[in-house]
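Any read-out appearing in this document is the output of simple, stated calculations on the displayed coordinates, not a laboratory observation. Because the structure is a prediction, the values reported are computed rather than measured. Here the Cβ positions follow ideal geometry from the backbone for every residue, glycine too, while neighbour counts run over all protein chains shown.
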Amino acid sequence: MHILDIVENAITSKASQVAIRITEDLEQDQVILEIEDDGEGIPAHVLDKVVDPFFTTRTTRRVGLGLSLLQQAARACEGDLQVRSREGEGTWVKANFRYHHIDRKPLGDMASTMVTLIVGNPSMDFQYVHSTGDKAFCFDTVELKRELEDVPMDHPRVVQFVRDEIKKGLEELGRLF
């Protein structure tokens, strides 16, 4: 859910590209989640407040829990959260967690997460990279759209293909959470 929430922020900031990177470094006992977008970015005067749960720029509610909950989850697992942003250039969010910490939540169903993002935002481009040790899996909608030409990303066969490719890639990494 953290990933969906952070990417929702990117969508709101008019991003056209979002990269989601997950790195499992078992030697360092770390899981690192990075989400980077090319959206409008966060103004400097707001950047210090983004992890305050009682601050939000949204007008639909008075609290902004996404980044504060991600920070809390990371800190509960001996990790932390970093956010960098520049207006007009986009935002980078990085959360790291101790891999074997008893309180670390499982990553969840990344195939369904990516399908949800892609189908819900067919004009956006998404890159999902998951690495562990010396192996990596990469799924990129730019490449897929090039192959599909005029077939829409929300076509049922495309949706099933995306889900199957991500599941297959994660299985090859030995990762199905």
Given charges at beta-carbon only (K, R positive; D, E negative), |dipole| of the chain in Debye: 600
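How about segment 95-171: which GluC sites (Glu not before Pro) there are in a DSSP loop, with at most 13 other Cβ atoms within 10 Å of their Cβ?
Numbers: sites: Glu143, Glu147, Glu149, Glu165, Glu171; in loops: Glu149.
Those satisfying the criteria are Glu149.
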May I ask which of Lys14/Lys168; Lys14/Lys145; Lys94/Lys145 have a Cα-Cα span longer than 29 Å here? Lys14/Lys168
List every residue whose amide H lies under 5 Å from the amide H of Arg86, counting only residues 5 or more places away in sequence or on a different chain, with H placed 1.01 Å from N in the peptide plane. Ile42
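What does the helix-only formula give at 222 nm for the chain: each DSSP H stretch with n ≥ 4 adding -39500 (n - 2.57), the total divided by the residues, and the result rounded to the nearest 500 deg cm²/dmol? Don't skip to the end; give the middle numbers.
Details: 6 runs with 63 residues, N = 177.
So the helix-based figure for the chain works out to -10500 deg cm²/dmol.
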Residues whose built amide H sits under 5 Å from the amide H of Lys49, excluding neighbours closer than 5 in sequence, are none
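Can you tell me what percent of all Cα-Cα pairs in segment 108-153 are more than 15 Å apart? Mind showing how you got there, number by number?
Working: 491 of 1035 pairs.
Cα-Cα pairs in segment 108-153 separated by more than 15 Å: 47 percent.
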Net charge near Leu170: determine it from the other residues with C-beta under 13 Å of the C-beta of Leu170, scoring Lys and Arg +1 and Asp and Glu -1. -1
Relative contact order of the chain, defined on C-alpha pairs under 8 angstrom at six or more residues apart (%): 22
As computed over segment 80-159, the Cα convex hull volume per residue (Å³): 147
Between segment 1-18 and segment 96-174, what's the alpha-carbon centroid distance in Å? 15
What are the ³J(HN,Hα) couplings of segment 4-17, residue after residue, when phi is run through the Karplus curve with 6.51, -1.76, 1.60 and θ = phi - 60°? Round to Hz, x for glycine and proline. 4, 5, 5, 5, 4, 4, 5, 4, 4, 8, 6, 5, 10, 9
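How much net charge surrounds Leu144 when only the other residues with a Cβ under 15 Å from the Cβ of Leu144 are counted, with Lys and Arg +1 and Asp and Glu -1?
Working: positive: Lys145, Arg146, Arg157, Arg163, Lys168; negative: Asp125, Asp140, Glu143, Glu147, Glu149, Asp150, Asp154, Asp164, Glu165.
Cβ neighbours under 15 Å give a net charge of -4.
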Taking a temperature of 25 °C and a viscosity of 0.890 mPa s, what whole-number D in µm²/s does Stokes-Einstein yield for segment 1-103 with Rh from Kirkwood over alpha carbon pairs? 175
